[in-house]
Amino acid sequence: MIDTQAGVELASMAFHPESETYRAEYDQTSVSASMAVVAVLSEVMDVDPVELEPLHASVNTGALDNLARVRDGTGEGVSITFRVATYAITVSNDGTVALTSREQTGTDGVTEGVSPV
């Protein structure tokens, strides 16, 4: 487990240099998707979470939490992609957060919205 500046424990977090993407996993039974995003952003940007722009300025956090929760028995994967600061963030309902620099993806290279995984 990784303790973050946001006070949220992440199961793991790794940087993938080939895609310049940070990928983190969190326990969905104890951490909401929106809190996982704040934790990952604060770690990657190396800032206190209170210094970040409020997440709700970029995405509806209630909808994010509802869409990214585990769906028992359906077998369907869902991913939500949105932008915060200089990053494209994808949250999946398998308990992962991927954060990629918009410079890597290009600002037009990110399609915002919800899609099946």
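Of all residues in the stretch 1-42 being in contact (Cβ under 8 Å) with a residue 60 or more places away in the chain and of a type in the set (S, T, N, Q), which is nearest to LEU67 (Cα to Cα)? Once the filter is applied, the top-ranked residue is GLN28.
When the stretch 1-30 is limited to residues that are surrounded by fewer than 13 Cβ atoms within 10 Å (Cβ to Cβ) and charged (D, E, K, R), the one that is modelled with the highest pLDDT turns out to be GLU18.
ASN66 meets the conditions (1) in contact (Cβ under 8 Å) with a residue 12 or more places away in the chain; (2) more than 20 Å from THR4 (Cα to Cα); (3) in a helix (DSSP H, G or I) in every case but one. The failed one is (1). Would you confirm whether or not the stretch 40-54 contains a residue that is modelled with pLDDT of 95 or more, under 11 Å from GLY95 (Cβ atoms) and outside any loop (DSSP other than H, G, I, E, B)? No.
Based on this model, can you work out whether VAL59 counts as within 15 Å of ALA11 (Cα to Cα), within 13 Å of the chain's Cα centre (by Cα), in contact (Cβ under 8 Å) with a residue 12 or more places away in the chain and crowded, with 20+ Cβ neighbours inside 10 Å? Spelling it out, it is not the case that VAL59 is within 15 Å of ALA11 (Cα to Cα), within 13 Å of the chain's Cα centre (by Cα), in contact (Cβ under 8 Å) with a residue 12 or more places away in the chain and crowded, with 20+ Cβ neighbours inside 10 Å.
The values are calculated or read from the model by the stated rules, or taken from the named source; none is laboratory data. A quick note: this is a predicted structure, and the numbers were derived from the prediction, not measured. When we count neighbours, we look across all protein chains shown, and the Cβ atoms used for this are built from the backbone with ideal geometry, even at glycine.
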